[in-house]
Amino acid sequence: MTLPRRAFCLIRHGETDANRDGIIAGRTEARLTARGRAAAAGLAILDWPGRIAVFSSPQERARETAALAFPGLRVTMLAGLRERDWGPFEGRPLAERPDREAPAEGWEDWSAMVDRVEWAIAQAVARSGAALPVIVAHSGVIRAARVLTGGGAGGPSAENALPLLFAPVGGGWREGPLFTDGSARGRMG
């Protein structure tokens, strides 16, 4: 499967207690902080371009972000958007996380995660009709999308609650903030 050549928006959930404390959460249910809830609610007052269709990871931090960001809109849950299962590393400091592409021993294989994220994004695009698919998920999902669009999985995590637009350009893809005037960043506190 390859991604449909159509733009989509990815948003990492609002800041969680695990993000704040530098802890690996993965499948563990982390809670949004007050800052994370405020940033998610700040997304609701942005002037979104045209019609949007909202999709979310089924994990609580993403669901809560989507509910705060898009009150009154239907949010479709897609299981393939959940964060990576880090198995025995969950709850440990980020510094102890193994290499992303190391052979999985008790945690989800990176290539399997990329495959499920590809399927989930393709489903969101297909189900969105003419609307822009807006997907609320996790740092790992954004890293997988970067790989799927020709980039790499390394580098810093995406900012919490910052809408990122992935758009086909020529034979490749471009990733960048959806709101280039800084309006989203200014509301994140």
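General observations
- Residue in region 148-172 that is surrounded by the fewest Cβ atoms within 10 Å (Cβ to Cβ), counting only those that are hydrophobic (A, V, I, L, M, F, W, C) and touching a strand residue (DSSP E or B) at 6+ places or on another chain (Cβ under 6 Å): Ala167
- Out of Ala62, Ala53, Ala104, Ala122, one residue alone is open to solvent by less than 50 Å² (accessible area, probe 1.4 Å), in a loop (DSSP other than H, G, I, E, B) and either more than 19 Å from Ala158 (Cα to Cα) or touching a residue at least 60 places away in the same chain (Cβ under 8 Å) (or both). It is Ala104.
- Residue pairs whose Cβ atoms lie under 8 Å apart, separated by 6 or more positions or on different chains, with the first residue in region 17-28 and more than 16 Å from Ala39 (Cα to Cα) and among the charged types (D, E, K, R) and the second modelled with pLDDT of 95 or more and open to solvent by 50 Å² or more (accessible area, probe 1.4 Å), are Arg27/Arg82; Arg27/Asp85.
- Hey, Ser111 more than 17 Å from Ala25 (Cβ to Cβ) and open to solvent by 40 Å² or more (accessible area, probe 1.4 Å) or not: yes
- Qualifying residue in region 142-158 (condition: within 20 Å of Ala41 (Cα to Cα), touching a Lys or Arg at 6+ places or on another chain (Cβ under 8 Å) and in contact (Cβ under 8 Å) with a residue 24 or more places away in the chain): yes
- Here region 65-98 is the region considered, the condition is being under 18 Å from Ala25 (Cβ atoms) and among the charged types (D, E, K, R), and the residue that is least open to solvent (accessible area, probe 1.4 Å) is Arg84.
- Any hit, region 132-147, residues being open to solvent by less than 60 Å² (accessible area, probe 1.4 Å), over 22 Å from Thr65 (Cβ atoms) and at pLDDT 95 or above: yes
- When residues in region 1-34 are screened for being under 29 Å from Ala131 (Cβ atoms), basic (Lys, Arg) and over 14 Å from the mean Cα position of the chain (by Cα), 2 of them pass.
The values are calculated or read from the model by the stated rules, or taken from the named source; none is laboratory data. As the structure is a prediction and not an experimental result, all values here were calculated from the model. Cβ sites come from the backbone with ideal geometry, for glycine too, and all protein chains shown count toward neighbours. The area values use the complete protein model at the heavy-atom level, side chains included, leaving out ligands, DNA and RNA. Shrake-Rupley method; radii C 1.70, N 1.55, O 1.52, S 1.80 Å.
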